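Engineer: Okay, handing you the structure first.
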Amino acid sequence: MKRVYVNEEWCLGCHLCEYNCAFANSGESDMVKALKGKTLYPRIHVEGDEQITYAVSCRHCADPLCVRSCISGALHLEEGAVCISRDKCVGCLTCVLVCPYGAIAPGPDGAALKCELCLSNGRGEPACAAGCPNRAIVYEERGEESR
Amino acid sequence: MKKYVIIGGSIAGVSCVEGIRSIDPEGEITVITSEAHSNYGRPLISYYLEGKTDLVRMSWRGADFFERNGVTVLHEVSVTKLDPEGQKLTLSTGAALPYDEVCLCTGSYPFSPKFEGLEPVEKRFFFTTLADALALEKAVDRLTKVLIIGAGFIGLKCAEGLRDRAGSVTVCDLAKHAMSANLDADCAPILEKHLEANGLRLMLGDTVVRFEGQRAVMQSGKIVDFDVLVIAIGTRPNSALAAQAGAKVNRGILVDEAMRTSLPGVFAAGDCTESMDISAGEPGLLAVLPNASLQGRCAGVNMAGGSDTFRKGIKMNSIGFFGLHIMSAGTYTEPVYTEITEQGCKKLFARDGVLTGFILLGDVHRAGIYTSLIREKTPLDSIRFDEVKLDPSLLPFGRSYRAKKLGGAV
Ligand SMILES: Cc1cc2nc3c(=O)[nH]c(=O)nc-3n(C[C@H](O)[C@H](O)[C@H](O)COP(=O)(O)OP(=O)(O)OC[C@H]3O[C@@H](n4cnc5c(N)ncnc54)[C@H](O)[C@@H]3O)c2cc1C
Ligand code: SF4
Ligand code: SF4
C-alpha cells in the first residue's frame, strides 16, 4: 500500500506540509481564506530541534492499535488506510492514548482528526507530499516489513 | 467446515469474529448473547444519555457486521452450560449446540453488596448495558433526584450522562477520592473540583448504610432523598460458566498469551479473563475496551488455526468528564516525574529502568508515546528520557528509530 514516508535528512523545517494539510482538508478553494487568522488543525506535524526536523503523520499501521481500541468504532480500515468517521467519534481520546507515534489529536470540535492520505478530500494524493519543496515527504509503496 | 461458537456479542466477541474471518472465510460462526443488543460500543451508553451519539452511530462495527461476516446471532439467549469433553453447549432455550472451537467473551457483571432496605427501592439500575441506559432514559426527567453509588469511571460517566436530564445528581463512594482505582490523592482533587464545578454533588468517603423508602441513610448520618438509584460499585468477570466446566479461574478466567483457557478447545477473551499485565509482572484484570478487542481478535485467529499472541497487556484508560481529559495506564511504581497545576497533572512511574505507568489530567497530547514505552518495555537509557518526560515526542528516540518508523511500513 502507498503511504506517506518522511526522510528527515531532507526536511527543511519549513512547515509547509502543515499548511498544505490544513488547506487540503478545509473544504475551501482559496488558501488565504482557508488559513488566514485561523487556528490550524493539520494532521501532520513538524517537530525537532535546531539541527533535526521531520514531519510526523499517521503511519497507517498494518495492525492499527487505534482501530482496535476506538470505543465508538469511528476509526476503521478502508483498503489498508486508517480512516475516521468523525460523526461517530465521541472524543474520548483512547486513540491518542494508544497511538505509538502521537499521530492523532482532537480537532476543534473535540472529535479526533487524523491523516486519511487525502483519499476523500478530493486531492487524490497527500497534499503534504505533493507540496514538499525538498521531497522530504513522499507518497509511495515501500516494503511491508515485519515488525 | 469448522463450527465456531462465541459466547457474548460485544467487543471481544465481535473482534473474535474478525480474527476468525481473517484466517477462515468459510467456517460456521454462531454468536450467542444474553443481551437484546450486540456489537455496540459499551462505553457509549453515557454518551447516548448525553445526546452525543444515537442508536445507529453506536454500532461498533456497523449494522451489517454479522451479516457481512456470515454470522448467526442469537440474541437474548444465554449459555447455561459448557461441556468441554462433549464439545457442546446448553442454551437457556434448552437446546444443545455442538462446537469445534468455542470462545468465552462473556465480559463482566455489575455487583451489588446487600444494602439494608434495597429490595423495596423500585427505581434502581445498574449502568453497564444499553438496556440500562434506555431504562434510565425513561426513568429520569428534569425533576428527578438521582443518587449514584460509586465514583469510579462508570458511576461518574453515568452522572455526566444524566446531569442535563435530571434535577440533581449525587455521587457517593466509600473511597476518599473519585476514580480511586485510576487516580492518586494528588490528581483526584483536580477532577473532583471540576465535577463539582459542573454541577455534580459528590459525597466521598461516605456511602449508604440503609435505605428507608426513597431516603438513603449515609454512614456519616446524612440523609439523601432520591427518586432514582444507580449502583455502580464495580464489575466482576463473568467466569462462572468456565469455572463450572473445570477451567482454571482466579479472579477471571485464566488464559495464556494465545487466549487459551486450561480446557482444550476453549478460548476466552475480554473482561471475563485474567491475563498477564506486563507492567505489573503478574496476571490481572485488564478490563478495558482496547484489551477486549485485541484479545478477541487474537483468540479468533488462533481458533481458526492461525497464530497470534497477546503479550503486551496493560491496563489503560482514556476518559473525559465535562471537557477534562483523564488518562491512566499501567502500574504506579516509583514516581519519576510529577507535575501538578490547578488545571491538570502529569505523573510518570518507572521501575527497573522501564516506564511502568502514568496518569495524565488535562494535557494528554501524544500520550500514546508514553503508552508505547510501557508496552514495548523500552529501556529508558536507550532514549533521552529527560526530554520525553517533559514532552512526548519522537525526537529523543534517535534517528534510527525514526528512520524505521517514519521511513518504513509499520
Ligand atoms: C459505562 C461504561 C463505560 C466504559 N467506558 C470505557 C472507556 O471509556 N474505555 C474503555 O476502554 N472501556 C470502558 N468500559 C469498559 C468496556 O466497555 C469493556 O472493557 C468492554 O465492553 C469489554 O468487552 P467484552 O466483550 O469483554 O465484554 P462485555 O462488553 O461485557 O460483553 C459481554 C457480553 O457477553 C454476554 N454474556 C455474558 N454471559 C453470557 C452467557 N452465559 N451467555 C450468553 N451471553 C453472555 C453479556 O450479556 C454481554 O453482552 C466502560 C464500561 C462501561 C459499562
Ligand atoms: S493513528 Fe497511530 S496507531 Fe493509528 S494507524 Fe495511524 S500511526 Fe497507527
Ligand atoms: S476519540 Fe473518537 S476516534 Fe478516538 S478512540 Fe475515541 S471515539 Fe474513537
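Engineer: Can you give me the number of residues within region A:70-84 that are surrounded by fewer than 18 Cβ atoms within 10 Å (Cβ to Cβ) and in a loop (DSSP other than H, G, I, E, B)?
Structural biologist: Count: 2.
Engineer: Let me ask something else about it. Search region B:24-39 for residues that are within 14 Å of chain A (Cβ to nearest Cβ) and pair each with any residue that is within 16 Å of ligand 3 (Cβ to nearest atom) and at pLDDT 95 or above when their beta-carbon atoms are under 7 Å apart and the residues are at least 6 apart or on different chains.
Structural biologist: From region B:24-39, the pairs are B:ASN39/B:VAL14; B:ASN39/B:SER59; B:ASN39/B:TRP60; B:ASN39/B:ARG61.
Engineer: Here are the criteria: (1) of a type in the set (A, V, I, L, M); (2) touching a Gly at 6+ places or on another chain (Cβ under 9 Å); (3) within 21 Å of B:VAL288 (Cβ to Cβ). Tell me which single one B:ALA350 does not satisfy.
Structural biologist: Only one criterion in (1) of a type in the set (A, V, I, L, M); (2) touching a Gly at 6+ places or on another chain (Cβ under 9 Å); (3) within 21 Å of B:VAL288 (Cβ to Cβ) is unmet by B:ALA350, namely (3).
Engineer: Mind checking which pairs have a first residue in region B:268-287 that is touching a residue at least 12 places away in the same chain (Cβ under 8 Å) and a second that is part of a helix (DSSP H, G or I) and more than 10 Å from ligand 1 (Cβ to nearest atom), Cβ under 6 Å, 6 or more apart or different chains?
Structural biologist: B:ALA269/B:ALA299; B:SER279/B:ILE374
Engineer: Being within 20 Å of B:SER10 (Cα to Cα) and either more than 10 Å from ligand 1 (Cβ to nearest atom) or assigned by TED's automatic domain parsing to the domain that holds B:GLY150 (or both) is the requirement here; does B:GLU274 meet it?
Structural biologist: Numbers: within 20 Å of B:SER10 (Cα to Cα): yes; either more than 10 Å from ligand 1 (Cβ to nearest atom) or assigned by TED's automatic domain parsing to the domain that holds B:GLY150 (or both): yes.
The answer is yes for B:GLU274.
Engineer: Within region B:334-381, work out how many residues are in a loop (DSSP other than H, G, I, E, B) and either away from ligand 2 (no atom under 16 Å from the Cβ) or out of contact with any strand residue (DSSP E or B) (no Cβ under 9 Å at 6 or more places or on another chain) (or both).
Structural biologist: Looking only at region B:334-381, we keep the residues that are in a loop (DSSP other than H, G, I, E, B), and these are B:341-344, B:352-353, B:362-367, B:377-379.
With the extra rule that they be either away from ligand 2 (no atom under 16 Å from the Cβ) or out of contact with any strand residue (DSSP E or B) (no Cβ under 9 Å at 6 or more places or on another chain) (or both), the set shrinks to B:341-344, B:352-353, B:362-363, B:377-379.
Counting residues in region B:334-381 that are in a loop (DSSP other than H, G, I, E, B) and either away from ligand 2 (no atom under 16 Å from the Cβ) or out of contact with any strand residue (DSSP E or B) (no Cβ under 9 Å at 6 or more places or on another chain) (or both) gives 11.
Engineer: Next question, about the same structure. Do you know which residues across region A:85-120 are aliphatic (A, V, I, L, M), assigned to a strand (DSSP E or B) and more than 9 Å from ligand 2 (Cβ to nearest atom)? Steps first, answer last, please.
Structural biologist: Initially, region A:85-120 is screened for residues aliphatic (A, V, I, L, M), giving A:90, A:93, A:96-98, A:103-105, A:111-113, A:117, A:119.
From what is left, the residues that are assigned to a strand (DSSP E or B) are A:105, A:112-113.
Answer for region A:85-120, where residues must be aliphatic (A, V, I, L, M), assigned to a strand (DSSP E or B) and more than 9 Å from ligand 2 (Cβ to nearest atom): A:ALA105, A:LEU113.
Engineer: Give me the pairs, please: first residue somewhere in region B:94-108 and among the acidic types (Asp, Glu), second residue anywhere and more than 13 Å from ligand 1 (Cβ to nearest atom) and assigned to a strand (DSSP E or B), beta-carbon distance under 8 Å, and either six or more positions apart or on two chains.
Structural biologist: B:ASP100/B:LYS3; B:ASP100/B:TYR4; B:GLU101/B:LYS3; B:GLU101/B:TYR4
Engineer: Could you check region B:40-96 and list, in sequence order, the residues that are touching a Lys or Arg at 6+ places or on another chain (Cβ under 6 Å) and facing chain A (nearest Cβ under 10 Å)? Write out each step before concluding.
Structural biologist: Here is the first cut: in region B:40-96, the ones touching a Lys or Arg at 6+ places or on another chain (Cβ under 6 Å) are B:46, B:57, B:69, B:90, B:96.
Within region B:40-96, B:SER46, B:ARG57 meet the criteria.
Engineer: Taking region B:169-193 as the search range and keeping residues that are in a helix (DSSP H, G or I) and touching a residue at least 40 places away in the same chain (Cβ under 8 Å), which one is surrounded by the fewest Cβ atoms within 10 Å (Cβ to Cβ)?
Structural biologist: Initial filter on region B:169-193 (in a helix (DSSP H, G or I)): B:188-193.
With the extra rule that they be touching a residue at least 40 places away in the same chain (Cβ under 8 Å), the set shrinks to B:190-191.
Values: B:ILE190: 21, B:LEU191: 24.
Looking at residues that are in a helix (DSSP H, G or I) and touching a residue at least 40 places away in the same chain (Cβ under 8 Å), I get B:ILE190.
Engineer: Still on this structure, I have one more. Residue check, A:CYS95 against (1) farther than 13 Å from B:PRO43 by Cα; (2) surrounded by fewer than 24 Cβ atoms within 10 Å (Cβ to Cβ); (3) within 16 Å of ligand 1 (Cβ to nearest atom), all met but one. Which one?
Structural biologist: A:CYS95 satisfies every listed condition except (2).
Engineer: For region A:127-142, does any single residue satisfy the condition of being part of a loop (DSSP other than H, G, I, E, B) and within 14 Å of ligand 2 (Cβ to nearest atom)? Break it down into steps so the answer makes sense when it comes.
Structural biologist: Start the filter on region A:127-142 by keeping residues that are part of a loop (DSSP other than H, G, I, E, B), which leaves A:131-136, A:142.
When the remaining residues are screened for being within 14 Å of ligand 2 (Cβ to nearest atom), the result is none.
Among the residues of region A:127-142, not one is part of a loop (DSSP other than H, G, I, E, B) and within 14 Å of ligand 2 (Cβ to nearest atom), which makes the answer no.
The values are calculated or read from the model by the stated rules, or taken from the named source; none is laboratory data. Because the structure is predicted, anything quoted here is derived from the model rather than measured. Neighbour counts are summed over all protein chains in view; Cβ atoms, including those assigned to glycine, are modelled from backbone coordinates with ideal geometry.
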